[in-house]
Amino acid sequence: MKALLLIPTLLILSTGASAQSDLLHAAPHKDMPNTTERWYSAQDIQKGQQVFKQNCAACHGDKAQGIVKDWRAELPNGKYPAPPLNGSAHAWHHRLKALDGTIQRGGIPIGGTMPAFKDKLTRHERLQAIAYFQSFWSDNIYQAWLKRGGLKP
């Protein structure tokens with residue numbers, strides 16, 4: 001009898017582990033429910049959407065999904081396309097301070113093509129843009145970002 005109960009239990013547990021693993025590696029989507037408390041508000045997301053669409057969407061996509069199929073592939077000019085910021089690339093590896101700094105200084109000083117926005121966007125607007133693209137991050141991606149020190153100075 002115990003053996004009969006063990007098999008369904010193992011199947012259920014292995015299915016749950018697989019589903020969690022899939023979520024961690026799946027591209028996040030705005031419709032995914034976020035249960036982890038975030039550093040930003042719904043108003044920040046709303047304002048950030050406007051900032052993002054006016055300043056970032058041309059290169060990063062209107063929903064931060066990127067605009068090319070393979071953002072890791074070198075372009076003919078030797079540069080790389082802007083990565084997705086929706087949690088499917090490497091943005092979640094960087095602390096909030098670094099994300100803000102990249103927007104402020106741009107990528108040109110390190111060989112990229114992203115312009116600096118220090119004279120165009122206030123710090124508050126930059127943080128709102130970050131809130132917008134982080135709103136696409138799944139809870140698993142956001143929690144991994146926090147564990148990496150995302151909110152640390």
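The values are calculated or read from the model by the stated rules, or taken from the named source; none is laboratory data. Values in this document were obtained by computation on a predicted structure and should not be read as measured data. Note that each Cβ is placed from the backbone with ideal geometry, even for glycine, and that neighbours are counted across all protein chains shown.
Here is how the numbers come out for the structure above:
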item: Which numbered condition T36 misses (of (1) over 26 Å from A144 (Cα atoms); (2) loosely packed, with under 15 Cβ neighbours inside 10 Å); result: (1)
item: Residues that are at pLDDT 95 or above, over 14 Å from K53 (Cβ atoms) and of a type in the set (G, A, S), drawn from region 109-139; result: A116, S138
item: Filter result for L75 (outside any helix (DSSP H, G or I) and closer than 16 Å to E125 by Cβ); result: no
item: Residues (more than 26 Å from N77 (Cα to Cα), outside any loop (DSSP other than H, G, I, E, B) and either within 18 Å of the chain's Cα centre (by Cα) or in contact (Cβ under 8 Å) with a residue 40 or more places away in the chain (or both)) located in region 103-137; result: E125, R126, L127, Q128, A129, I130, A131, Y132, F133, Q134
item: Hey, I108 among the aliphatic types (A, V, I, L, M) and closer than 22 Å to L151 by Cα or not; result: no
item: Criterion violated by G106 - all others in (1) surrounded by 13 or more Cβ atoms within 10 Å (Cβ to Cβ); (2) over 16 Å from F133 (Cα atoms); (3) modelled with pLDDT under 95 satisfied; result: (3)
item: Selection status of A91, hydrophobic (A, V, I, L, M, F, W, C), more than 22 Å from R148 (Cβ to Cβ) and at pLDDT 95 or above; result: no
item: Qualifying positions in region 84-99 - surrounded by fewer than 18 Cβ atoms within 10 Å (Cβ to Cβ) and either in a loop (DSSP other than H, G, I, E, B) or free of Cβ contacts under 8 Å to residues at least 40 places away in the same chain (or both); result: H90, H94, R95, A98
item: Every pair of residues 6+ apart whose Cβ atoms lie under 7 Å, when the first sits in region 138-153 and is β-branched (V, I, T) while the second is not in a helix (DSSP H, G or I); result: I141/P28; I141/G87
item: Condition met for K97 (more than 19 Å from the chain's Cα centre (by Cα) and of a type in the set (K, R)); result: no
item: Selection count, region 34-70, where residues are at pLDDT below 95 and either under 15 Å from the mean Cα position of the chain (by Cα) or in a helix (DSSP H, G or I) (or both); result: 2
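Conditions (1) within 21 Å of K47 (Cβ to Cβ); (2) small (G, A, S), marked per residue:
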residue: Q65; (1), (2): yes, no
residue: V68; (1), (2): no, no
residue: R72; (1), (2): no, no
residue: G87; (1), (2): yes, yes
residue: T102; (1), (2): yes, no
residue: P109; (1), (2): no, no
residue: K120; (1), (2): yes, no
residue: Q134; (1), (2): yes, no
residue: N140; (1), (2): no, no
